[in-house]
Each structure stands twice: as C-alpha cells, then as structure tokens.
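Everything below concerns the one structure shown next.
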Amino acid sequence: MDRLRAECGMIRVAVAADAAVVRAGLAALVAASPDLTVVGHPVSLAELPQLLEELQPEVVLVDLEDDADDAVLDWLPGLVPSPIEGEGVPAVSLVILTEETAGSWMAEVLRSGVRALLPRTATAGEITAAITAAAGALVAIHPDLLGAMLCALPGQPRPPTEAPEQPLTPREVEVLSMLAEGLGNKTIARRLQISEHTVKFHIGSIFGKLEATSRTEAVTLGVRRGLIML
C-alpha cells in the first residue's frame, strides 16, 4: 500500500453504494479532491468484498441506505480484513455515510473497525476530511452523530435542538436542476424568463440551504437528498 501511494501521491479510495446515482455523485466528489483518487469503478455493496484485493484501496467510502443499515454488522467483519504480512488483502479504513442515529448501533460499528461515521447529508468538505483522517488511522465522527451517541449514554444531557433544515423552493429546485445540466446563469435566466441577478440570488440561496460551496457540490447534495434526478 505504501508503494501504491508513493506511485500516485494520493489516497486510494473505493466508493460503494447500492444506488447508481449516489455512486456517481460520491465518486465525482472524491475525484474532485487533489489528495484523493478513486480506484476502479464505483461498486455496489454486494460487489465490494470480492473486489477489495483487485482495487487495493486505503479507504472505502460506503453509502448505507435505510435497509442496509440493519445488515451492515453482518458483512462488516469480512469487509475489514486483518493485515497478514505477505498474503491476503491489506487492511482498509471504512468511512460510512448513514441515516442511522442509534447510539448503540454506531458504537457497535466503530468497534467492528469503521474509522469514520457521517450522516448522508454530510458536505463534500466533511467527507473528504473524514477520508483523509481515516487514511491516517484516525477516527472521525460527525458532530450530529456524536451528539446522538452521547445522548444514548446514561446520565448524558441531550444537546440543544438544531434549527430544522430549510427546504428549497420550487423555483430553487428548478434552478438546481438546470445547474445539474451544466447551464450557465445567462441560459438559466433566459429559460426561466428572469434576470441574471435573480438567478444569482437563487443560486446563493441554494448554496446557503444546502451548505454547498460550489455548483458541483450543490448538485451532488441535491441528488443525494432526492431533490433532483440526473
């Protein structure tokens, strides 16, 4: 693994998710980082254990849907192999995106070898930071999930309730869909028969509500949250 990193100079990341559109979005997110590289093609969860030896990633980014959360503890021990000098598959670090917030579930997953836990709504910056930390043998837990774990402990006070997520307006969803098509502000303004200034206003609002810093990140988050389809 050290030789592979020396050759490419980047952290080797495999992307696994059952939904094709999520796989594509996460792979694009990883590839956009100058310190990360996607190895092979994004794969489904069922394919991943068989492809680890071929891909030889340092980190595996796994997206878990609701129905996969309950089953993850069954296949996790086989997915995180122990390093055996001279044979087998090198140990890998797992970064999991999940909607599961049960403190006991998260504690068990971490005990099983997962390095990082993030909500499926995590930003691109949070995901890439968690991958980098996992590659360095660190454990990363998103603050939202950490709060849930603390709440599950006896005698722990509950953290203050956060403000609810702001939904996009129908017009903002239209603009986001056009951003996904790769359209510029002028073309969007012409299609919607509004001014470019108004388009910029909508894009700024979309960025704020999705906590995105770029068009690509906004589109990726929009797809993952089911706001738009590619």
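The values are calculated or read from the model by the stated rules, or taken from the named source; none is laboratory data. Just so you know, these numbers come straight off a predicted model, no measurement behind them. Using ideal geometry, Cβ is built from the backbone for each residue, glycine included, and neighbour counts are taken over all protein chains shown. Surface areas here come from the heavy atoms of the whole protein model, side chains and all, with no ligands, DNA or RNA. Shrake-Rupley method; radii C 1.70, N 1.55, O 1.52, S 1.80 Å.
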Could you say whether any residue in the range 164-174 is of a type in the set (Val, Ile, Thr), under 25 Å from Thr121 (Cβ atoms) and either in contact with a Lys or Arg (Cβ under 8 Å, 6 or more places away or on another chain) or modelled with pLDDT under 90 (or both)?
yes
The range 193-218 residues that are at positive phi, paired with ones that are of a type in the set (A, V, I, L, M) and open to solvent by less than 50 Å² (accessible area, probe 1.4 Å) (beta carbon under 9 Å, 6 or more apart):
Glu211/Leu221
Looking only at the range 121-163, count every residue that is open to solvent by 40 Å² or more (accessible area, probe 1.4 Å) and modelled with pLDDT of 70 or more and tell me the total.
13
Filter the range 210-230 down to the residues that are in a loop (DSSP other than H, G, I, E, B) and under 17 Å from Pro119 (Cβ atoms), then identify the one that is least open to solvent (accessible area, probe 1.4 Å).
Ala212
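Listed here are the residues, each with its yes/no results for (1) in a loop (DSSP other than H, G, I, E, B); (2) among the polar types (S, T, N, Q); (3) modelled with pLDDT of 70 or more.
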position: Thr37; (1), (2), (3): no, yes, yes
position: Gly40; (1), (2), (3): yes, no, yes
position: Leu52; (1), (2), (3): no, no, yes
position: Leu97; (1), (2), (3): no, no, yes
So, Arg190, is that one free of Cβ contacts under 8 Å to residues at least 12 places away in the same chain, surrounded by fewer than 19 Cβ atoms within 10 Å (Cβ to Cβ) and assigned to a helix (DSSP H, G or I) or not?
yes
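Per-residue answers, yes or no, for (1) β-branched (Val, Ile, Thr); (2) open to solvent by 40 Å² or more (accessible area, probe 1.4 Å); (3) in contact (Cβ under 8 Å) with a residue 40 or more places away in the chain; (4) touching a Pro at 6+ places or on another chain (Cβ under 8 Å):
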site	(1), (2), (3), (4)
Ala16	no, no, yes, yes
Pro34	no, yes, no, no
Thr37	yes, no, no, no
Gly40	no, yes, no, no
Leu48	no, no, no, no
Glu53	no, yes, no, no
Val62	yes, no, yes, no
